[in-house]
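Since every read-out is calculated from the coordinates, none of them should be taken as a lab result. These numbers were taken from a predicted model, which means no experiment stands behind them. Heads up, the Cβs are rebuilt from the backbone with ideal geometry, glycines too, and the neighbour counts pull from every protein chain shown.
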Amino acid sequence: MRVLITGAASGLGRALTEELLRQGHQVVAADRETDSLENMPMAHRGSCTIRFVDLESADSIQRLLASFQGQQPFDQVFLNAGISATGKFEEIPAAAYEKLIAVNLFAPIYLASRLVGKELMARNSRIVFISSLSHAMGYPGASVYAATKDGLAAYARCVDKPFRKERVRVLTVFPGPINTAHAKRHAPEGSKASKRMAPQKMAKLILRAAKGKSKTYYPGSKAYFGALFGKMMPGLATRLMRRGIYDKLKGPVY
Amino acid sequence: MAEKDARPHTVLVTGATDGIGLLLARAYAKRSHHVLATGRRGIANDEEFFKFPNITYVTADQSDPRHAASTILAIMQDMGWEKLDLAILNGATAWTGPPYDEPINTIGDQLKVNLTSPIHLILALTPMLHAAQGRLVMIGSTSINKGHGQFATYVATKAALNGLSRSLREEWRGKANVMIIHPGPTRTRMHAKAGLNLRFVRLFFMSPKKVARAIQVAIRRGNEGRKIITRFGCFMARFSWAGKGQL
């Protein structure tokens, strides 16, 4: 199986890459920081191609797409790369929000629209958008991050039918907190890392869901019940998120 | 606005040269509020176009978010506005067609006009909105509920606004009221501008006048989110993308 992963150098992307390599697949790992990918343990059976991409720049994405021309099509694509900006809405500069929209929304939309229907995706392939549990819960303290993840989830819902016509199925994943450097940077002080899911476990769950038939997936029981709660009592869920996160934030991190 | 029409309020309406925005700008002007209307187009004579002396128009192209926000802020300072009671972020653009054919500039344009620009604007207006304990109103779309295969990026931007309003409402509790209103399919020129010929289906869409009126009621009530729909119109909208309808 040939797989593309964006944001493959760290966090969930890294875990996905390593798990797929362990299973013996062919992985194209795209990220802005390619150094840490080159030090990947060689014990894996699969083969890894490292590609540089700066998802803030449309030109860089275009170059990445050009490098796929004439190559074997992908069976799975994980549009995983994402960044965040936490703090009070008005304390974060507009430039940080522009970056957030570019990486979390523009890049996956652009990549998906250029991969599907262009012979870059194999028949019956899968495209996976990584949204966030904030889609169900709201996220005061990272309102624009939540906005981009909501936008991505909506985009995935919209393209489900048109992509299906092109023999590509869509999966949207809504992961809760994962124990990564990214989460540690953005979580309020004093939050427990042990409450977050290990990226390796998350990667396994997501890969299993990508093999299945579902269109959306909330990995783990916590995310599942969180989503249920958020859908049934959206106002209360967002208010609790405010208590748990927004009120505890020290200062803006972007 | 708790004390209804107690004093002339300051009102901002973006995307006010056409459709719902234009009707809203006129409606608030009619109630003798001070209205600042913005849009992409250049208009030679404000008063002649809007038919109200208390509407000021400024050209602010939202496809350049930074410039649009600073232009609007500058004109507000020129007019001596210290508070902003009501900001209606209505301006939006759309493109219609299969998602895998969407040109890169229209993806970028929709994100800029519909999402980045409102964010820039909210950042610029925050102090004035907080000073007035004002109301920030975003205009969404009911299409975010089920999605729409031919409007994918547009729906994504509207869903993003929905998410933004949900979290920001909680953040700004006690400082200003944030809300989003989702109009259903409305008989405005947006669909034609987006490149979609609706043909007879257009007849079943809601009249912009009624939608604008419903939006005003929703703004007065100030609840978190409000959908404005007619069931049959939404049902008929499903047939609007018949494909051949492309201009």
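Can you compute log10 of I(q)/I(0) for segment A:152-240 with the Debye formula, treating each Cα as one identical point scatterer, at q = 0.15, 0.17 Å⁻¹? Taking Cα atoms of segment A:152-240 as identical point scatterers yields -0.71, -0.88.
Given a Förster distance of 41 angstrom, what is the FRET efficiency for A:S194 paired with A:S60, based on the Cβ-Cβ distance and rounded to 0.05?
The formula returns an efficiency of 0.65 here.
Of all aspartates and glutamates in the structure, the ones whose alpha carbon falls short of 18 Å from that of A:K88, not counting any fewer than 8 places away in one chain, are A:E98, A:E189, A:D247, B:E170, B:E171. Largest GNM mean-square fluctuation across A:R169, A:R126, A:R208, computed for chain A with C-alpha springs under 10 Å, falls on A:R208. For B:K146, list the lysines whose Cα falls under 21 Å from its own Cα; do not include residues on the same chain fewer than 8 positions away. Candidates past the 8-residue exclusion: A:K149, A:K161, A:K165, A:K213, A:K215, A:K231, B:K158, B:K227.
Remark on B:T186: its backbone amide H falls under 5 Å from those of B:M206, a criterion applied only to residues 5 or more positions apart or on other chains, H modelled at 1.01 Å from N. Here the label points at B:N105 and A:F229, each 7 Å from Cα along the C-beta direction, are separated by 4.8 nm in the simple model. The amide H of B:G134, built 1.01 Å from its N in the peptide plane, has B:N177 as neighbours under 5 Å, considering only residues 5 or more places off or on other chains.
If you wrap a convex hull around the C-alpha atoms of segment A:51-109 and split its volume per residue, what is the figure in Å³? Show your work: numbers first, answer last.
Numbers: hull volume 5.2 nm³, N = 59.
It is 87 Å³ per residue.
Extent along the principal axes, Cα only, for segment B:10-237: 46, 41, 35 Å, with the longest axis given first. Pairwise Cα separations in segment A:2-248 fall into 10 Å bins from 0 onward with the following percentages, short to long: 7, 32, 38, 18, 4, 0. Treating each Cα of segment B:133-212 as one equal point scatterer and applying the Debye formula with no solvent, the log10 of I(q)/I(0) at q = 0.13, 0.20, 0.26 Å⁻¹ comes out as -0.48, -0.94, -1.26. For chain A, averaging the sequence separation of C-alpha pairs within contact (under 8 Å, six or more residues apart) and dividing by the residue count gives a relative contact order of 21 percent. Mean sequence separation of contacting Cα pairs (under 8 Å, at least six apart), scaled by the length of segment B:10-237, corresponds to a relative contact order of 19 percent. Taking trypsin sites (Lys or Arg not before Pro) across segment B:48-91, the ones in a DSSP loop with at most 13 further Cβ atoms lying within 10 angstrom of their Cβ are B:K51.
Counting only residues at least eight positions apart within a chain, or on another chain, the lysines with an alpha carbon under 20 Å from that of A:K192 are A:K184, A:K201, A:K222, A:K248, A:K250. Could you tell me how far the Cα centroid of segment B:84-158 sits from the Cα centroid of segment A:179-213, in Å? The distance from the Cα centre of segment A:179-213 to that of segment B:84-158 comes to 30 Å. Karplus-derived 3J(HN,Hα) values for segment A:131-140, using 6.51 cos²θ - 1.76 cosθ + 1.60 with θ = phi - 60°, are 8, 8, 4, 4, 4, 8, 9, x, 8, x Hz; glycine and proline are entered as x. Averaging over all projection directions, the Cα-based convex hull of the protein assembly as shown occupies 22.8 nm² in the image plane. In order along segment B:71-86, the Karplus-derived 3J(HN,Hα) couplings, from 6.51 cos²θ - 1.76 cosθ + 1.60 at θ = phi - 60°, round to 4, 5, 5, 4, 5, 5, 5, 4, 7, x, 6, 9, 10, 10, 7, 8 Hz, and Gly and Pro are given as x.
May I ask you to list the residues of segment B:84-123 whose amide nitrogen lies under 19 Å from a point 7 Å from Cα along the Cα→beta-carbon direction of B:H67? Correct set: B:91-93, B:105-122.
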